[in-house]
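The structure appears below as structure tokens.
The values are calculated or read from the model by the stated rules, or taken from the named source; none is laboratory data. Since the structure is predicted, the reported quantities are computational estimates derived from the model, not experimental observations. So basically every Cβ, Gly included, is an ideal-geometry build from the backbone, and we count neighbours across all protein chains shown.
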Amino acid sequence: MSADNRSRRILSGMRPTGRLHLGHYHGVLKNWVRLQEEAECFFFVADWHALTTHYEEPTAMDVHVWDMLVDWMASGIDPEKATLFIQSRVPQHAELHLLLSMITPLGWLLRVPSFKDQQQKLKDRDLATYGFLGYPLLQSADILMYRATGVPVGEDQVPHVELTREIARRFNHVFGRDASFEEKANEALSRLGKKAAKAYSKARAQWLQEGNTEARESASAAIAGSANISSEDRERLSGFLDGGGRVILPEPEALLTPAAKMPGLDGQKMSKSYNNTIQMRDDPERVSARLMSMPTDPARQRRNDPGDPEKCPVWDLHQVYTESEKRAELAEGCKSAGIGCIDCKKPLLDALLEEQAVLRERAAPFEKNPARAREVIETGCARAREVAEETLDEVRTAVGTLYT
Ligand code: TRP
Ligand code: SF4
């Protein structure tokens with residue numbers, strides 16, 4: 001790790017929904033494995049987040065949590081390099097969530113897209129709860145607790161990171177006021193001229209309190225357009241625009257994980273809800289049976305019928321597992337009916353089983369000895385609590401609940 005990378009801090013979490021599949025591996029975990037080499041990483045099991053929607057199935061959680069952690073190790077996540085922990089074992093998350101809730105306008109939560117979307121999607125559950133409304137704020141607490149600079153997430157989670165940035169800004173605005181800085185900014189403002197100063201202040205408040213980016217631009221314009229003030233004044237007012245005080249909780253950035261759409265066994269995206277998955281630690285016989293019974297180009301009824309790889313879900317998987325030279329050979333064989341579908345599936349199966357052998361080997365010590373994952377979590381939670389306490393001490397001081 002270079003000095004520069006040490007100052008980068010990555011945090012991400014996953015809800016424990018059961019055993020992970022190859023979509024999780026190729027889409028998320030391989031990215032985490034890369035990140036653990038480049039930056040200080042915190043990865044955690046978001047069990048409280050799972051409870052917001054699955055509160056009626058508490059007994060499944062225990063199994064899911066450990067299964068998921070073993071899948072993380074199987075992927076190559078290394079507890080010597082990254083800090084791994086379980087959210088509920090670091091109860092500081094609950095305190096930060098509560099304190100942030102004091103300054104969170106209800107409207108901000110009501111307009112997070114996932115709130116209504118998930119209620120629509122999970123109709124069989126009652127999600128008109130206080131806990132579910134707070135889901136993205138709990139996530140903000142997770143992120144801000146570790147002062148993460150980067151949060152690797154999929155596209156669906158970007159609004160949650162956006163909310164986190166707005167919460168951080170508002171928190172710093174409300175609790176990070178630096179009196180002398182504010183005084184100097186007000187002096188600069190008096191030199192700006194009455195009309196421009198008024199426009200600036202109004203837009204600044206809209207930006208800081210509502211996260212209105214257009215307002216930020218118009219406040220910027222009000223200072224840029226003025227000939228009355230020195231460049232020093234301009235700089236000060238420009239800094240004041242983004243809070244004007246101490247940064248207690250820095251704003252994180254979403255690191256958008258490119259949507260590597262892992263194909264499932266039916267040509268759709270691999271997903272538990274489509275029942276088309278291969279698990280990371282699947283049974284080789286099952287993988288083999290499911291791959292061999294996969295549908296292919298419907299035009300290839302008989303061995304001698306030529307096919308079109310573009311119409312075949314097996315082909316989508318070859319894009320992930322097969323080198324381009326070999327792929328060209330297979331495509332040619334398919335189009336000319338030179339090979340049969342079994343010949344085409346065989347090298348894919350070999351590649352899949354080879355990959356799974358590596359995953360299973362990494363998981364084996366944890367499967368054999370369940371105490372090992374507990375030890376990893378014990379150590380990770382202790383480290384997480386240490387960092388969390390540091391942040392919370394500053395937060396408690398800022399909000400006035402650190403009694404000395
Ligand atoms: N909401 C995330 C998901 O469903 C999980 C999560 C919880 C998370 N807290 C987080 C992700 C903090 C990143 C950072 O995938
Ligand atoms: Fe699909 Fe391969 Fe059969 Fe062609 S030969 S239809 S690409 S499985």
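The table below gives the values:
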{"quantity": "Looking only at the range 230-289, and only at residues there that are small (Gly, Ala, Ser) and over 30 Å from Arg165 (Cβ atoms), the one that is surrounded by the most Cβ atoms within 10 Å (Cβ to Cβ)", "calculated": "Gly264"}
{"quantity": "Looking only at the range 44-93, and only at residues there that are under 18 Å from Ser12 (Cα atoms) and free of Cβ contacts under 8 Å to residues at least 24 places away in the same chain, the one that is farthest from ligand 1 (Cβ to nearest atom)", "calculated": "Glu80"}
{"quantity": "Single condition Gln279 does not satisfy, out of (1) touching a strand residue (DSSP E or B) at 6+ places or on another chain (Cβ under 6 Å); (2) within 15 Å of ligand 2 (Cβ to nearest atom); (3) not basic (Lys, Arg)", "calculated": "(2)"}
{"quantity": "Condition check for Ser336: small (Gly, Ala, Ser) and free of Cβ contacts under 8 Å to residues at least 24 places away in the same chain", "calculated": "no"}
{"quantity": "Filter pass, Ser140 being among the hydroxyl-bearing types (Ser, Thr, Tyr) and outside the structural domain of His49 (by TED's automatic domain parsing)", "calculated": "no"}
{"quantity": "Matching residues, the range 40-81, being aromatic (Phe, Trp, Tyr) and part of a helix (DSSP H, G or I)", "calculated": "Trp48, Trp66, Trp72"}
{"quantity": "Filter result for the condition that a residue is over 30 Å from Ala357 (Cα atoms), of a type outside the set (Phe, Trp, Tyr) and in contact with a Pro (Cβ under 6 Å, 6 or more places away or on another chain), over Val112, Val45", "calculated": "Val112"}
{"quantity": "Subset of the range 95-124 (residues that are assigned to a helix (DSSP H, G or I) and touching a residue at least 24 places away in the same chain (Cβ under 8 Å))", "calculated": "Glu95, Leu96, His97, Leu99, Leu100, Ser101, Trp108, Leu109, Pro113, Ser114, Gln118"}
{"quantity": "Residue within the range 245-264 that is among the hydrophobic types (A, V, I, L, M, F, W, C) and within 16 Å of ligand 2 (Cβ to nearest atom) present", "calculated": "no"}
{"quantity": "Matching entry among Ala371, Ala328 (being more than 29 Å from Asn304 (Cβ to Cβ) and either among the small types (Gly, Ala, Ser) or within 11 Å of ligand 2 (Cβ to nearest atom) (or both))", "calculated": "Ala371"}
{"quantity": "Number of the exception - Trp315 against (1) surrounded by fewer than 18 Cβ atoms within 10 Å (Cβ to Cβ); (2) more than 25 Å from Ile86 (Cβ to Cβ)", "calculated": "(1)"}
{"quantity": "All positions within the range 242-271 that are at pLDDT below 90 and either of a type in the set (Gly, Ala, Ser) or part of a helix (DSSP H, G or I) (or both)", "calculated": "Gly243, Gly244, Gly245, Ala259, Ala260, Gly267"}
{"quantity": "From the options Ala384, Ala331, residue that is assigned to a helix (DSSP H, G or I), within 16 Å of ligand 1 (Cβ to nearest atom) and surrounded by 13 or more Cβ atoms within 10 Å (Cβ to Cβ)", "calculated": "Ala384"}
{"quantity": "Criterion violated by Tyr200 - all others in (1) closer than 25 Å to Leu100 by Cα; (2) modelled with pLDDT of 90 or more; (3) of a type in the set (Ser, Thr, Tyr) satisfied", "calculated": "(1)"}
{"quantity": "Residue in the range 144-158 that is nearest to ligand 2 (Cβ to nearest atom), counting only those that are touching a strand residue (DSSP E or B) at 6+ places or on another chain (Cβ under 7 Å) and small (Gly, Ala, Ser)", "calculated": "Gly150"}
{"quantity": "Residue that is farthest from ligand 1 (Cβ to nearest atom), among those in the range 125-139 that are assigned to a helix (DSSP H, G or I) and aliphatic (A, V, I, L, M)", "calculated": "Leu133"}
{"quantity": "Ala364 vs. criteria surrounded by fewer than 16 Cβ atoms within 10 Å (Cβ to Cβ) and either more than 16 Å from ligand 2 (Cβ to nearest atom) or farther than 19 Å from Phe43 by Cα (or both)", "calculated": "yes"}
{"quantity": "Boolean, Leu84 is touching a strand residue (DSSP E or B) at 6+ places or on another chain (Cβ under 7 Å), not small (Gly, Ala, Ser) and not in a loop (DSSP other than H, G, I, E, B)", "calculated": "yes"}
{"quantity": "Residue pairs meeting the criteria (Cβ under 8 Å; at least 6 apart or on separate chains; first over 20 Å from Leu100 (Cα atoms), in the range 174-185; second part of a helix (DSSP H, G or I) and at pLDDT 85 or above)", "calculated": "Phe181/Phe240; Glu182/Phe240; Ala185/Leu237; Ala185/Phe240"}
